[in-house]
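All remarks here apply to the structure that follows.
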Amino acid sequence: MKNDSVFVYSPDLLGYKFSDSHPFNQLRVQLAYELLRDSGCLDDDQIIKPRQATDEEIMLIHDSGYVEAVKQAGRGQLNREIALNYGLGTEDTPIFPNMHEASSWIVGATLTAVDYVMEGKSKHALSLSGGLHHGFRGKASGFCIYNDSSIAIEYMKRKYNARVLYVDTDAHHGDGVQWAFYDDPDVCTLSIHETGRYLFPGTGSIHEKGAGKGYGFSFNVPVDAFTEDESFLECYEKSLWEVADFFKPDVIITQNGVDAHYYDPLTHLSVTMKTYTEIPRIAKKVAEKYCGGRWIATGGGGYDIWRVVPRAWSYLWCVMNDQAPSGQIAENWLKRWTSEAKHPLPPTWEDESGIYKPIPRKDEITSKNRATLEKSLYSIKKSS
Ligand SMILES: [Zn+2]
């Protein structure tokens, strides 16, 4: 094995862009890539080029009519009313030129990561442009045209006969992936997210446990708004170990959205960089114990592209490689981006203490989350 970890990257992945004002901005992938390069944490021989996914691969999850609609929309040939039926042309998923091609690069990048790990060419692989998790079989949703997470899972099942554990720590519920495998006992989904009470997509309750043969293979830990590092990590760490021990996966795929951070403009959680240093550390340990190390990580949500995403995703890569950057952020990187950044760039890898005021309901939120966690894992306790 040449490398323990590979990083899937090329500028082709940056073409997934709805508009200049849309919150989903793949510049964040470039920002993370450059931060890693400037920090000396990413070598040439660790970078692998993605490919575009084929239509057949995309149709492992998506309906052919939908794929055709995405192609037509990207060529400006889709009637507005028909487009809206497919969730295309909405505020969340506007139509943009060549959207099919841009989306198939994202899917292909995640499949490239999957093949590297499943063929034993590397233990871990990172596809930061991927991790889209809201799209449905026949409908775009939540900034997601093609659900690369679901496609990757189905691809691993078919090509490698793998039992797959999907772990989603995005602030939003991983609904598209959950519903795609809801009745499938060979895929286990675990999502830790802000409760859907006030947040898109509104699903992800503890009662969504799977259906038919897949009953008991869907886990949700919806945490309260304003949840902080300690409680978020407690929910994540306990649920991941218990679910992995219950399911005994062949491979783990993690969706590493970083929109639970306090700075994120779209959500209401209060975690900091501390959470984003711990999440991959634990995922790596779990993959080592249950899957011979096999771990594919993707990006996901993350809408403070200046203060949060570059550091958090760079850290994810560093943990894959047993590195732990700390202290000052690379001077070159800060110089290059300071004038363009919408917020003053944090000068250090860690968040400064006191970026938010103490949360008065902290104890109440912690015990409520603990009770939610217990209930989420109840079916495992009952069966063991
Ligand atoms: Zn999200």
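Among SER270, SER64, SER141, the largest mean-square fluctuation in a Gaussian network model of the chain (Cα springs under 10 Å) belongs to SER64.
For a quick check, take a GNM of the chain with Cα springs below 10 Å and name the residue from ASP170, ASP55, ASP264 with the largest mean-square fluctuation. Evaluated over the chain, the most mobile residue of the options is ASP55. Here's the list of lysines a cross-link from LYS159 could span, going by alpha-carbon distance under 20 Å and ignoring same-chain residues fewer than 8 apart: LYS121, LYS123, LYS248.
This model, with +1 at the C-beta of Lys and Arg and -1 at the C-beta of Asp and Glu, gives the chain a dipole about its Cα centre of some 480 debye. Using a Gaussian network model of the chain in which every pair of alpha carbons under 10 angstrom is joined by a spring, one finds that among ALA341, ALA225, ALA260 the greatest mean-square fluctuation is at ALA341.
Any chance you could tell me what percent of the C-alpha pair distances in region 208-269 go past 14 Å? Counting every Cα pair in region 208-269, those more than 14 Å apart make up 67 percent.
What percentage of the solvent-accessible surface of region 254-384, computed with a 1.4 Å probe over protein heavy atoms, is contributed by carbon and sulfur atoms? Write out the running numbers ahead of the final one.
Values: 3040 of 5930 Å².
Roughly 51 percent, rounded to a whole number.
A probe of 1.4 angstrom, applied to the heavy atoms of all protein chains, finds ARG163 with accessible area near 70 square angstrom. Mean sequence separation of contacting Cα pairs (under 8 Å, at least six apart), scaled by the length of region 230-377, corresponds to a relative contact order of 27 percent.
Enter the per residue convex hull volume of the chain, computed from alpha-carbon coordinates, in Å³ rounded to the nearest integer. Kindly include the intermediate steps, with their values, before the conclusion.
Working: hull volume 48.6 nm³, N = 384.
That works out to 127 Å³ per residue.
Straight-line cross-link partners of LYS285 among the aspartates and glutamates, defined as a Cα under 15 Å from its Cα and at least 8 positions apart when in the same chain: ASP4, GLU237, GLU242, ASP245, ASP250, ASP322.
If I stretch the segment between ILE47 and GLU234 completely, what's the gain in nm (0.36 nm per residue apart, minus their alpha carbon distance), one decimal? Please list the in-between numbers first.
Details: separation 187, 0.36 × 187 = 67.32 nm, distance 3.31 nm.
Full extension from ILE47 to GLU234 adds 64.0 nm.
Pairwise over distinct Cα atoms, reciprocal of the mean inverse distance: report the Kirkwood radius of region 6-90 in Å, one decimal place.
Working: mean 1/r = 0.0645 Å⁻¹.
It is 15.5 Å.
I want the antiparallel fraction of DSSP beta bridges within the chain, as a percent rounded to 5. If I count the DSSP bridges inside the chain, around 10 percent turn out antiparallel. Shape annotation for region 166-231: C-alpha extents along the principal axes are 36, 22, 16 Å, from largest to smallest. Per residue, the accessible area of region 251-384 comes to 44 Å² when a 1.4 Å probe rolls over the protein heavy atoms.
Rounded to the nearest 0.05, what FRET efficiency is calculated for TYR378 and SER64 with R0 set to 35 Å and r the Cβ-Cβ distance? Using R0 = 35 Å, I get an efficiency of 0.30. Projecting the Cα atoms of HIS268, LEU35, HIS22 onto the charge dipole of the chain (Cβ charges, centred on the Cα centre) puts HIS268 farthest toward the positive pole. Amide H to amide H, with H built 1.01 Å from N, ILE48 comes under 5 Å of PHE7, VAL8, TYR9, counting only residues 5 or more places away or on other chains. Measuring nothing but protein heavy atoms, the accessible surface of region 27-147 at 1.4 Å probe radius is 45 percent carbon and sulfur. PRE reach from LYS289 (point 7 Å along Cα→Cβ): which of region 361-384 fall under 19 Å by backbone N? Inside the label zone: 373-374, 376-384. Distances between placed amide hydrogens fall under 5 Å for HIS193 paired with VAL221, VAL223, all partners being 5 or more residues away or on another chain.
Remark: the TYR215-ASP363 segment gains 50.0 nm on full extension, using 0.36 nm per residue and subtracting the alpha carbon distance.
Using Cα pairs under 8 angstrom and six or more residues apart, how large is the relative contact order of the chain, in percent?
Values: 805 pairs, mean separation 67.0, N = 384.
The value is 17 percent.
Using the 1.4 Å probe convention, the accessible area of region 27-75 works out to 41 Å² per residue with neighbouring protein chains retained.
Averaging over every viewing direction, what projected area does the convex hull of the Cα atoms of region 249-384 cover, in nm²? Write out the running numbers ahead of the final one.
Details: hull surface 41.0 nm².
For region 249-384, averaging the hull's shadow over all directions gives 10.3 nm².
The values are calculated or read from the model by the stated rules, or taken from the named source; none is laboratory data. Bear in mind that the values here come from a model prediction, so they are computed numbers and not experimental data. Glycine gets a Cβ as well: all are built from the backbone with ideal geometry, and neighbour counts include every protein chain shown. Note: accessible area is taken over every heavy atom of the protein model, side chains too, but ligands, DNA and RNA are not part of it. Shrake-Rupley method; radii C 1.70, N 1.55, O 1.52, S 1.80 Å.
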